[in-house]
Amino acid sequence: MKNLLEIRELYVNFRTLWGIAKVLNGVNFTIRKGEIFGLVGETGCGKSVTASTILRLLPPNSEVSGEVLFKGENLLEKSEEEMRKIRGREISIIFQDPMTSLNPLFKIRDQMLDIITLHNNLSKEEAEKHAKELLKSVGLPDPERILNSYPHELSGGMRQRVMIAMALSSNPSLLIADEPTTALDVTIQKQILELILELKDQYEFSVLFITHDLGVVAEICDRVGVMYAGNIVEIATTEELFETPLHPYTQGLLSVVPDPRYRKKLEPLKGSVPSLLNPPTGCRFHPRCNYASEICKQKKPILCEYSPNHFVACHLYGGNSDD
Ligand code: SF4
Ligand code: MG
């Protein structure tokens, strides 16, 4: 399978009043055509920053290095004008709370038609027809009513469906879904995940699925990257990650998954996420790791292929380090 997106050695720093926060610390992963790649980790580990970096939507106090290769071209070298054409057209994003992206003052019709006409050369009538088709394809059977509604008149699940319809209006190759179901109750969450799976096959896009919830990963992702404090510490197929988690952090995350199928006798996580203003030396997980040795405090382990398609960054699995 060909790679759609390749992130190579991505570093992001934020200059803050309190010093430099090293939020991404050499991130590497790829997303293949047609797959759902999950990025999982605790709040503040850099998942959303990774998404913002791909879309070049970082705040001005940031410094970026590395490569974000999308269809072989480095997005970090694109001009703002070129990026405007890629954002929303080639790469779309949906967020946890659709209310942050929907304008409460305008009916869904105005907002959808705005987006559709921005990305497609269509008359108003054609755009409206396209909007209705999209709303039907995301499981909203009465598109006329939805178009006439203000965002607050819809339920959370319906708003998320509208956001997905808008994100798909330009037929993107990559959909970034940043915690899209976190604010929804479990039944609606399941429906939205199923919808994304269906639409992915119908519209043939890849998904970068960001979540803190391994249960959600198990439902929807083909492969997973586990993030900890600005690093990807493990990448594997979903099945393999749940069956044979290698990294002590992944093992800790899995020990708290409520689903008994996945809960094994693993050490629970202790301690909390470190400050990125003054991150731990070497392996950033060492203060929380039961297996930490001297080398872990001194050298950062790099991501290596431990078995076919299963990557881990941990000194327990080899002596590789990059500093
Ligand atoms: Fe633990 Fe060392 Fe592996 Fe880091 S490198 S996860 S501290 S054993
Ligand atoms: Mg986030």
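Please treat every number below as a calculation from the coordinates, not as lab data. Remember, predicted model here, so these are calculated numbers, not experimental data. Here the Cβ positions follow ideal geometry from the backbone for every residue, glycine too, while neighbour counts run over all protein chains shown.
Would you mind listing how long the chain runs along its three principal axes, going by Cα atoms, in whole Å with the largest first?
In descending order, the Cα extents are 67, 46, 40 Å.
Under the rule a/c < 1.5 gives rounded, and otherwise a/b versus b/c splits prolate from oblate, where does segment 15-81 land using the Cα gyration tensor? Each step should come with its number before you reach the end.
Numbers: a/c = 2.27, a/b = 1.27, b/c = 1.79.
Oblate, since a/c reaches 1.5 and b/c is not below a/b.
With each pseudo-label sitting 7 Å past Cα toward Cβ, what's the M99-L277 distance in nm, one decimal?
Label at M99, label at L277, 3.1 nm between them.
Full-extension gain between Y291 and E153, please, as 0.36 nm times their residue separation minus the C-alpha to C-alpha distance. Show your work: numbers first, answer last.
On the way: separation 138, 0.36 × 138 = 49.68 nm, distance 5.24 nm.
Length gained between Y291 and E153: 44.4 nm.
To the nearest 0.05, how large is the calculated FRET efficiency for V64 and R84 if R₀ is 22 Å and r is the Cβ-Cβ distance? Don't jump to the answer; show the numbers that get you there.
Numbers: r = 18 Å, r/R0 = 0.82.
In this case the efficiency is close to 0.75.
Cross-link partners among lysines for K124, C-alpha distance below 22 Å, same-chain residues fewer than 8 apart left out?
Of all the lysines, those that pass the test against K124 - Cα under 22 Å, at least 8 places apart if same chain - are K85, K107, K132, K136.
With a 10 Å radius around each residue's Cβ, average the other Cβ atoms per peptide and rank 150-160, 40-50, 289-299, 4-14, highest first. All intermediate terms of the calculation are to be shown ahead of the outcome.
Numbers: 150-160: 17.5, 40-50: 20.9, 289-299: 15.2, 4-14: 19.2.
So the peptides 150-160, 40-50, 289-299, 4-14, ranked by packing, come out 40-50, 4-14, 150-160, 289-299.
Calculate, for C304 and K190, the FRET efficiency according to 1/(1 + (r/R0)^6) with r their C-beta to C-beta distance and R0 41 Å; round to the nearest 0.05.
Values: r = 36 Å, r/R0 = 0.87.
After rounding, the FRET efficiency stands at 0.70.
Please compare each pair in K200/K300; K33/K299; K33/K78 to a cut-off of 28 Å on the Cα-Cα distance and tell me which ones are over it. Don't skip to the answer; put the middle values down first.
Numbers: K200/K300 37 Å; K33/K299 34 Å; K33/K78 22 Å.
Correct reply: K200/K300; K33/K299.
Going by a ≥ b ≥ c, the root eigenvalues of the Cα gyration tensor, does segment 131-192 fall in the rounded group (a/c under 1.5), the prolate group (a/b larger than b/c) or the oblate group? Display every interim value, and only then the final one.
Numbers: a/c = 1.82, a/b = 1.07, b/c = 1.70.
Oblate, because a/c is 1.5 or more while a/b does not exceed b/c.
With +1 assigned to the C-beta of every Lys and Arg and -1 to the C-beta of every Asp and Glu, and no other charges, what is the dipole magnitude of the chain about the Cα centre in debye, to the nearest 20?
Details: 36 positive and 42 negative charges, 105 e Å.
That gives the chain a dipole magnitude of about 500 debye.
Given only helices, namely DSSP H runs of n ≥ 4 each adding -39500 (n - 2.57), what is the per-residue ellipticity at 222 nm of the chain, to the nearest 500 deg cm²/dmol? All intermediate terms of the calculation are to be shown ahead of the outcome.
Details: 11 runs with 103 residues, N = 323.
For the chain, the value works out to -9000 deg cm²/dmol.
Relative to the Cα centre, what is the charge dipole magnitude of segment 102-171, using +1 at the beta carbon of each Lys and Arg, -1 at the beta carbon of each Asp and Glu, and rounding to the nearest 20 debye? Before the final figure, lay out the partial values.
On the way: 9 positive and 9 negative charges, 32 e Å.
Computed about the Cα centre, the dipole is about 160 debye.
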